[in-house]
1. Please go through (1) surrounded by fewer than 18 Cβ atoms within 10 Å (Cβ to Cβ); (2) touching a helix residue (DSSP H, G or I) at 6+ places or on another chain (Cβ under 9 Å); (3) touching a residue at least 60 places away in the same chain (Cβ under 8 Å) for Phe90 and return the number of the only condition it doesn't satisfy.
2. Which count do you get for residues in segment 13-41 that are farther than 23 Å from Lys89 by Cβ, more than 22 Å from the chain's Cα centre (by Cα) and surrounded by 13 or more Cβ atoms within 10 Å (Cβ to Cβ)?
3. Only residues in segment 23-50 that are in contact (Cβ under 8 Å) with a residue 40 or more places away in the chain and over 28 Å from Thr64 (Cα atoms) count as the first member; pair them with residues that are acidic (Asp, Glu) and surrounded by 15 or more Cβ atoms within 10 Å (Cβ to Cβ), Cβ under 7 angstrom, at least 6 apart or cross-chain, and list the lot.
4. Can you work out which of the residues in segment 127-185 that are among the polar types (S, T, N, Q) and more than 23 Å from Val80 (Cα to Cα) is surrounded by the fewest Cβ atoms within 10 Å (Cβ to Cβ)?
5. Do you know which residues across segment 72-87 are surrounded by fewer than 19 Cβ atoms within 10 Å (Cβ to Cβ) and either touching a residue at least 60 places away in the same chain (Cβ under 8 Å) or within 24 Å of Gly133 (Cα to Cα) (or both)?
6. Show the residue pairs that are 6+ apart or on different chains and have beta-carbon atoms under 6 Å apart, the first residue being within segment 132-155 and in contact (Cβ under 8 Å) with a residue 12 or more places away in the chain, the second being surrounded by 15 or more Cβ atoms within 10 Å (Cβ to Cβ) and of a type in the set (Phe, Trp, Tyr).
7. Restricting attention to strands (runs of 3 or more DSSP E) lying wholly within segment 5-109, give those where 3 or more residues are modelled with pLDDT of 90 or more and closer than 25 Å to Arg145 by Cα.
8. For segment 112-127, give me each residue that is assigned to a loop (DSSP other than H, G, I, E, B) and either hydroxyl-bearing (Ser, Thr, Tyr) or touching a Lys or Arg at 6+ places or on another chain (Cβ under 6 Å) (or both).
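The values are calculated or read from the model by the stated rules, or taken from the named source; none is laboratory data. Not measured: the values here are computed from a predicted model. Heads up, the Cβs are rebuilt from the backbone with ideal geometry, glycines too, and the neighbour counts pull from every protein chain shown.
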Amino acid sequence: MSTVTEEVNKFIEAWNENPMLKPRITKVTVNVSLGQGGERLAKIAEVLKEITNQEPKLRKAKRTIRDFGIRKGENIAVAVTLRGEKATKFLKKALEAVGNKINKDSFDDNGNVSFGIKEHISIPGVKYDPEIGVFGMDVCITIERPGYRIKRRRVKKAKRIPRRHRVKKEEAIALLSNEFNVRIV
């Protein structure tokens, strides 16, 4: 456990010396996949709007799966992409719902994090509605450094981001444990 705190402190010192090295949370994506459309999906979209304070978008099925009764183009999921202050606010609630613990395997090599919330009612401030029932959601956090935009811009687009500029798994762990008091299990 002490090696983790030593590593976190090493990154924090480097970030204090050069603030452009400090990674930041670019976006938080919340996805609720129901597998069917209809009235229940619309109600889940309303609940997701209340939780995130942003209008969710319906997601369509990419292909037909006869065994599950899903047709191509049918609405089967709801997703919201949060940025800035809204992302930070929601992330604090979502992390509290999972007990401020994230599995180390939830981090990928590029510093992104994904975790699931089994019951939406575990988020603070959300009450149970018997008409909707209980549903889970996936939360994906995208972490980047300042200057990563050159990969996505249209003019003078960079083909690759250098390896030294990409966010490493350890840096993402340091960022979340420092800013959100997350314990890595």
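1. Against the list (1) surrounded by fewer than 18 Cβ atoms within 10 Å (Cβ to Cβ); (2) touching a helix residue (DSSP H, G or I) at 6+ places or on another chain (Cβ under 9 Å); (3) touching a residue at least 60 places away in the same chain (Cβ under 8 Å), Phe90 comes up short only on (1).
2. Of the residues in that region, 4 qualify.
3. Pro23/Glu144; Pro23/Glu171; Arg24/Glu144; Thr26/Glu144
4. Residues of segment 127-185 that are among the polar types (S, T, N, Q), as a first pass: 142, 177-178, 181.
Now narrow it down to the ones that are more than 23 Å from Val80 (Cα to Cα): 177-178, 181.
Values: Ser177: 20, Asn178: 15, Asn181: 10.
The qualifying residue surrounded by the fewest Cβ atoms within 10 Å (Cβ to Cβ) is Asn181.
5. Residues of segment 72-87 surrounded by fewer than 19 Cβ atoms within 10 Å (Cβ to Cβ): 72-75, 79, 81, 83-86.
The answer is Glu74, Asn75, Ala79, Thr81.
6. Final answer for the pair search is Val139/Phe115.
7. Working: elements: 24-33, 57-60, 75-82.
Those strands (runs of 3 or more DSSP E) span 24-33, 75-82.
8. Of everything in segment 112-127, those that are assigned to a loop (DSSP other than H, G, I, E, B) and either hydroxyl-bearing (Ser, Thr, Tyr) or touching a Lys or Arg at 6+ places or on another chain (Cβ under 6 Å) (or both) turn out to be Ile123, Pro124.
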